Amino acid sequence: LGGLYTDFVVTDHSTSKSFLVLGHDPGDERPSVPERFAKVQELLARPRVSRAPQPAGPLVRHTPAHIHEERIRIAQAEIAAGEYYQANLAHRLTRSMRADPIDLYLALRRWNPAPYMGYLGTKTTTLLSSSPEMLLECSAGKLRSRPIKGTLPRGRTLAEDRIRAKELLASEKDRAELAMIVDLVRNDCSRVAEVGSVRVGPLPELETHASVLHLAADVTAQLAPGRTALDALGALFPGGSISGAPKLRSMEAIAALEGEGRGFFTGSLGFLDCAGNGLFNILIRSLVVRSKEVAGVSKSPREVTFWVGGGITAASDPAAEERETRVKGARLAAALAGEAVLEEALGLPLHGTAGLARHPFC
């Protein structure tokens, strides 16, 4: 999915101000800028009633827990045989919903606010992303990637958060996993960077999100002469954190073990501007909404899909990795049906919304 956008709204959340940007070309056959501005004002003045998403069926997990754990054990056997060092394994969930995609997105923003959110859609397919992870930022010829590895659920209180943060930062397994992927990303960046310009920031750094804690690190570089943000995107895609190391062999293993295409999951959503700048996330913690079109109109119920997974290494505990996928999927499931889903389908209680009030992206 994609498009060329000449008219758009830019919102500065730090000042709560929005700016309307209207592109104009002397040969443009579209209505004049004043006419388009008037149209935008008309759209903004038009009332819209938001409706809470309503489930039209149960949340369906397509890979039972015991099968996911068995796939993890197979991956570990292949790792032990020296075929690769790490692979990200995931599984798919779906639910039929009676909801407009924009209302689903508003629910997702409430339940799982994240730094790299996005909404992009057509009449029949819509991506709703609440991703915590940045694949690529490119500005003035400088590129940055920030891979994530290591996950723990947040505590009920800030004191519990601090305890779990220390636990995650002290985890040799998670630190090693992050270091492995940072090295992969560093190598990817070097393909389009000036020689000697690739740098790795403090390793690891702690990130606090709505319901989980993560470890992350910055990898930065200066684009080589003649290279563009699009070249950098090609060098980094798909992200090392959601594929594995070595990347090509781990992707082969993922395809064989998961047994189905991921679709948009672990792809990327972002933008490039005419000045050569860009920002792209990794499509994790994201929903894909598919609608049936009747007489040119999108109809409910709509099928909503999301995936959850994690990186597998020789040190992984299959049962713990399975539990981690439930933690990662909890807020997505809640966006589709509220707290009851967490207990009934995922086996995870959600302790109110206290964590949301503390989150910097609310």
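In deg cm²/dmol and to the nearest 500, what is the mean residue ellipticity at 222 nm of the chain if only DSSP H runs of at least 4 residues count, each as -39500 (n - 2.57), divided by the residue total?
Details: 9 runs with 116 residues, N = 362.
After summing the helix terms and dividing by the residues of the chain, the value is -10000 deg cm²/dmol.
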| Scattering curve values for segment 118-161, log₁₀ I(q)/I(0), Debye with Cα scatterers, q = 0.14, 0.15, 0.16, 0.27 Å⁻¹ | -0.66, -0.72, -0.77, -0.96
| field | For a label point 7 Å along the Cα-to-beta-carbon line of Phe37, residues of segment 5-29 with backbone N under 11 Å | value | 20-22
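How do Cys138, Cys274 line up, fewest other C-beta atoms within 10 Å first?
On the way: Cys138 26, Cys274 8.
Final ranking by Cβ density, sparse to dense: Cys274, Cys138.
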| request: List the residues whose amide H sits under 5 Å from the amide H of Leu135, counting only those 5 or more places along or on another chain, with H placed 1.01 Å from N in the peptide plane. | output: Phe280, Asn281, Ile282
| request: Using Cα centres only, tell me the gap between segment 1-44 and segment 232-257 in whole Å. | output: 37 Å
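Based only on other Cβ atoms within 10 Å, what is the fewest-to-most ordering of Lys166, Lys173? Show your work: numbers first, answer last.
On the way: Lys166 11, Lys173 16.
In order of increasing Cβ crowding within 10 Å: Lys166, Lys173.
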| request: Would you mind listing how long segment 171-248 runs along its three principal axes, going by Cα atoms, in whole Å with the largest first? | output: 41, 26, 24
| Relative contact order for segment 58-358: what is it in percent, counting Cα pairs under 8 Å that are at least 6 residues apart? | 29 percent
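Starting from the exponent 0.38 and prefactor 2.2 Å, build the expected Rg for segment 136-284 from its residue count and divide its actual Cα Rg by it.
On the way: Rg = 16.4 Å, N = 149, 2.2 N^0.38 = 14.7 Å.
That works out to 1.11 for segment 136-284.
Taking 1 over the mean of 1/r across every pair of different Cα atoms in the chain, what Kirkwood radius in Å do you get? Could you put the intermediate results ahead of the total?
On the way: mean 1/r = 0.0457 Å⁻¹.
About 21.9 Å for the chain.
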| field | Between segment 128-142 and segment 183-219, the alpha-carbon center distance in angstrom | value | 12 Å
| message | Under 5 Å between amide hydrogens, which residues at least 5 positions from Ser286 or on another chain qualify, with H placed 1.01 Å from N in the peptide plane? | response | Ser130, Trp307
| message | From the phi angles alone, apply the Karplus equation (6.51, -1.76, 1.60; θ = phi - 60°) to segment 87-92 and give each ³J(HN,Hα) in whole Hz, x where the residue is Gly or Pro. | response | 9, 9, 10, 9, 9, 10
| task | Go through segment 131-143 residue by residue and turn each phi into a ³J(HN,Hα) via Karplus (6.51, -1.76, 1.60, θ = phi - 60°); whole Hz please, and just put x for glycine and proline. | result | 6, x, 10, 9, 7, 8, 10, 10, 8, 6, x, 9, 10
| task | Mind checking which lysines have their Cα closer than 30 Å to the Cα of Lys39? Skip sequence neighbours fewer than 8 apart in that chain. | result | Lys17, Lys123, Lys292, Lys299
| note | Computed over the Cα atoms of segment 195-236, the Rg and Dmax in Å are 14.1, 42
| query | Translational D (Stokes-Einstein, µm²/s) of segment 221-319 at 20 °C and 1.002 mPa s when Rh comes from the Kirkwood sum over C-alpha pairs? | reply | 130 µm²/s
| Which value, in Å³ per residue, describes the convex hull spanned by the Cα atoms of segment 54-186? | 198 Å³
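Read-outs throughout are calculated quantities, based only on the coordinates presented, and are distinct from any laboratory measurement. Just so you know, these numbers come straight off a predicted model, no measurement behind them. Cβ sites come from the backbone with ideal geometry, for glycine too, and all protein chains shown count toward neighbours.
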